[in-house]
Amino acid sequence: MSESRNPAPVSVPAAADAPAELRRPKGEPRFPGGPAADPAGSHHERRIRSFQPRRSRVTPGQADALQRLWPKWGLDIDGHSVLDLAALFDGGVERTVLEIGFGMGEATAQMAADDPATGILAVDVHTPGQGNLLGLADRAGLDNVRVANGDAIILLREMLTPDALDGVRVYFPDPWPKSRHHKRRLIQPDFLTLVATRMRPGAVLHCATDWEPYAEQMLDVLTAHPDFENTQQDGGYAPRPAFRPLTRFEGQGLDKGHAVHDLLFARR
């Protein structure tokens with residue numbers, strides 16, 4: 001996922017060393033009316049997760065975007081209701097893609113601006129990134145971005161209907177490089193089986209990573225999965241599509257000499 005440096009960071013007083021009158025009770029949202037601290041609530045389950053929530057500083061601009069725009073464009077993944085994607089985007093898009101992990105949202109906003117007929121349901125747990133993407137969408141006048149807070153697995157399993165998605169994007173997920181952490185990687189057979197049920201036939205799962213061992217695992221797992229077919233005739237990696245912007249995170253990887261691999265597999 002893409003990263004960004006933001007000036008003048010401020011933090012919501014929630015640390016143990018904050019003044020008693022400013023401490024936020026456990027479980028209370030950082031921004032009233034904004035993303036929930038634990039949106040799934042009773043749907044929380046004991047399983048290995050591919051993401052690690054991070055407490056990070058939030059800039060004034062991000063905080064303002066969260067408080068102003070979350071009621072309009074934000075969604076908590078609570079697992080209690082099935083989404084009507086047409087209604088979610090106010091009927092203003094022709095198709096919907098799911099993006100899992102968007103970092104600070106620059107690439108997401110760019111793709112939304114370049115393709116206004118496609119609605120992007122962007123999922124992450126990083127509060128500064130959520131605020132940043134909302135702010136970017138607001139300043140650019142984008143109405144085809146919705147920001148979801150929480151666990152993408154719960155969203156896929158409990159809040160989306162079969163064949164609901166016209167595409168799924170997973171850009172630069174955490175590679176979990178240590179061998180003992182490989183089980184935390186998102187692109188696994190069970191995940192592919194689930195996500196395939198929510199993609200219409202012909203919809204494309206697009207993954208990208210700059211971590212060579214993870215790219216190799218992705219290619220092996222996707223190639224072996226019966227629900228997906230490589231769009232590349234040679235069965236290998238794909239060139240970066242023109243619609244996927246070069247992200248800041250990707251640029252950092254390229255500067256370090258990392259090779260970036262795109263994988264585009266269609267739902268059978």
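The values are calculated or read from the model by the stated rules, or taken from the named source; none is laboratory data. Values in this document were obtained by computation on a predicted structure and should not be read as measured data. Here Cβ is always computed from backbone atoms with ideal geometry, including for glycine, and neighbour counts include all displayed protein chains. Ligands, DNA and RNA are excluded from the accessible area calculation, which covers all protein heavy atoms including side chains. Shrake-Rupley method; radii C 1.70, N 1.55, O 1.52, S 1.80 Å.
Of the numbered conditions (1) at pLDDT 55 or above; (2) open to solvent by 40 Å² or more (accessible area, probe 1.4 Å); (3) among the small types (Gly, Ala, Ser); (4) farther than 13 Å from ALA148 by Cα, ALA37 fails exactly one; give the number of that condition.
Single failed check for ALA37: (4).
(1) in contact (Cβ under 8 Å) with a residue 40 or more places away in the chain; (2) closer than 26 Å to ALA242 by Cβ: which one isn't true of LEU156, the others all being true?
(2)
From the set of residues in region 157-187 that are part of a loop (DSSP other than H, G, I, E, B) and under 13 Å from the mean Cα position of the chain (by Cα), which is nearest to THR209 (Cα to Cα)?
Only one residue tops the list, namely PHE172.
Of the conditions (1) touching a residue at least 24 places away in the same chain (Cβ under 8 Å); (2) open to solvent by 30 Å² or more (accessible area, probe 1.4 Å); (3) under 24 Å from ASN149 (Cα atoms); (4) part of a helix (DSSP H, G or I), VAL195 fails just one. Which one is it?
Here VAL195 meets the rest and fails (2).
Can you name every residue in region 98-131 that is of a type in the set (D, E, K, R) and surrounded by 24 or more Cβ atoms within 10 Å (Cβ to Cβ)?
Selection gives GLU99, ASP124.
Does at least one position in region 258-268 carry a residue that is outside any helix (DSSP H, G or I) and in contact with a Cys (Cβ under 6 Å, 6 or more places away or on another chain)?
For region 258-268, residues outside any helix (DSSP H, G or I) and in contact with a Cys (Cβ under 6 Å, 6 or more places away or on another chain): present.
One line per residue, one yes/no per condition, for (1) under 19 Å from ILE77 (Cα atoms); (2) in contact with a Gly (Cβ under 9 Å, 6 or more places away or on another chain); (3) at pLDDT 95 or above; (4) assigned to a helix (DSSP H, G or I):
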{"residue": "VAL93", "(1), (2), (3), (4)": "no, yes, yes, no"}
{"residue": "THR96", "(1), (2), (3), (4)": "yes, yes, yes, no"}
{"residue": "GLY119", "(1), (2), (3), (4)": "yes, yes, yes, no"}
{"residue": "ALA122", "(1), (2), (3), (4)": "yes, yes, yes, no"}
{"residue": "GLY131", "(1), (2), (3), (4)": "yes, yes, yes, yes"}
{"residue": "GLY135", "(1), (2), (3), (4)": "no, yes, yes, yes"}
{"residue": "ASP138", "(1), (2), (3), (4)": "no, no, yes, yes"}
{"residue": "VAL147", "(1), (2), (3), (4)": "yes, yes, yes, no"}
{"residue": "LEU155", "(1), (2), (3), (4)": "yes, yes, yes, yes"}
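Please go through (1) in contact with an Asp or Glu (Cβ under 8 Å, 6 or more places away or on another chain); (2) open to solvent by less than 40 Å² (accessible area, probe 1.4 Å); (3) among the charged types (D, E, K, R) for ASP151 and return the number of the only condition it doesn't satisfy.
Here ASP151 meets the rest and fails (1).
Can PHE243 be described as hydrophobic (A, V, I, L, M, F, W, C), open to solvent by 60 Å² or more (accessible area, probe 1.4 Å) and either out of contact with any Gly (no Cβ under 6 Å at 6 or more places or on another chain) or more than 25 Å from ASP115 (Cβ to Cβ) (or both)?
Yes.
Open to solvent by 50 Å² or more (accessible area, probe 1.4 Å) and at pLDDT below 95: is that true of PRO32 in this structure? Quick ask: steps written out before the conclusion?
On the way: open to solvent by 50 Å² or more (accessible area, probe 1.4 Å): yes; at pLDDT below 95: yes.
So PRO32 passes the test.
Restricting to region 159-188, count the residues that are farther than 23 Å from THR231 by Cα, at pLDDT 95 or above and open to solvent by less than 50 Å² (accessible area, probe 1.4 Å).
2
Output the residues belonging to region 205-244 that are out of contact with any strand residue (DSSP E or B) (no Cβ under 8 Å at 6 or more places or on another chain) and assigned to a strand (DSSP E or B).
Scanning region 205-244 gives no hits.
Contact list please: Cβ distance under 6 Å, first residue in region 165-189 and in contact (Cβ under 8 Å) with a residue 12 or more places away in the chain, second residue part of a strand (DSSP E or B) and open to solvent by 30 Å² or more (accessible area, probe 1.4 Å), pairs at least six apart or on different chains.
Note: pairs meeting the criteria are ASP166/ARG95; GLY167/VAL204.
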